[in-house]
Structure formats: C-alpha cells, structure tokens
Amino acid sequence: MSGCLEIDVERYLVNRVKALGGQCFKWVSPGHAGVPDRIGVLPQGQVFFVEVKRPGAKPTKLQLHTLEVLTRLGCRAVWLDSKEAVDEFLT
C-alpha cells in the first residue's frame with residue numbers, strides 16, 4: 001500500500017461507515033490526550049472507537065492505553081492502519 005497516508009485510511013473509514021448507513025464522528029477531547037480519532041455509529045446502535053494510523057504505523061503507548069480502557073469498559077475500540085483493515089473490521 002505504498003503512498004497511502006493516514007488521511008487516506010481515515011477518509012476510507014468514514015466513507016465505508018456512511019455507506020453502511022452510519023456516521024463516523026471526529027473525536028477531539030481537550031485535556032484528554034490519546035483519545036481515538038473517530039467514533040463510529042452504525043444502525044442498531046453499534047458504537048465503536050477507532051485510532052487511525054498510516055499503513056505500518058503503530059499507536060503510541062498512551063493511545064493503546066486509552067483503547068484498552070475503552071475495551072475494559074465494554075466498548076469496541078480498535079486501531080486500523082489500512083483500507084483492508086477497515087474492511088475486515090466492518091465485516
């Protein structure tokens with residue numbers, strides 16, 4: 001996936017979620033570093049959090065910790081680094 005940037009993966013995620021009838025909100029939380037980039041909401045109340053990375057990049061320790069906290073709270077919280085990963089997650 002040479003030349004693919006984080007913004008490309010993020011746009012793809014947003015478009016795929018919209019195609020499934022959902023919304024994919026940008027999440028900015030002042031005072032809370034490390035929150036995931038996006039909150040996805042699909043029909044039937046399916047809610048998830050996504051940290052988006054460019055292909056091959058990994059989340060920071062703080063981002064991983066936040067994803068783990070959200071998961072322990074019962075949320076679906078993942079990081080995705082490619083269009084293929086987006087497709088796999090959404091199936």
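The values are calculated or read from the model by the stated rules, or taken from the named source; none is laboratory data. Keep in mind it's a predicted model, so treat the numbers as computed, not measured. Counting neighbours? That spans all protein chains shown, and the Cβs are built from the backbone with ideal geometry, glycine included. When the accessible area is computed, the model is the full protein with side chains, heavy atoms only, and any ligands, DNA or RNA have been set aside. Shrake-Rupley method; radii C 1.70, N 1.55, O 1.52, S 1.80 Å.
Charge dipole of the stretch 38-91 (Cα centre as origin; +1 on each Lys and Arg Cβ, -1 on each Asp and Glu Cβ, all else neutral): 200 debye, rounded to the nearest 20.
Every Cα-Cα pair in the stretch 20-89 was counted, and those over 14 Å apart are 61% of them. Taking 0.36 nm per residue of separation and subtracting the current Cα-Cα distance, fully stretching the chain between Trp27 and Thr91 would add 20.8 nm. Surface composition of the chain: carbon and sulfur make up 56 percent of the accessible area, probe 1.4 Å. Per residue, the chain exposes 60 Å² of accessible surface when a 1.4 Å probe is rolled over the protein heavy atoms with every protein chain present. How large is the dipole of the chain about the Cα centre if only Lys and Arg carry +1 and Asp and Glu carry -1, each at its Cβ, rounded to the nearest 20 debye? Taking the Cα centre of the chain as origin, the dipole is about 160 debye.
Restricting attention to the chain, the count of lysine pairs at 8 or more positions apart or across chains with alpha carbons under 20 Å apart stands at 9.
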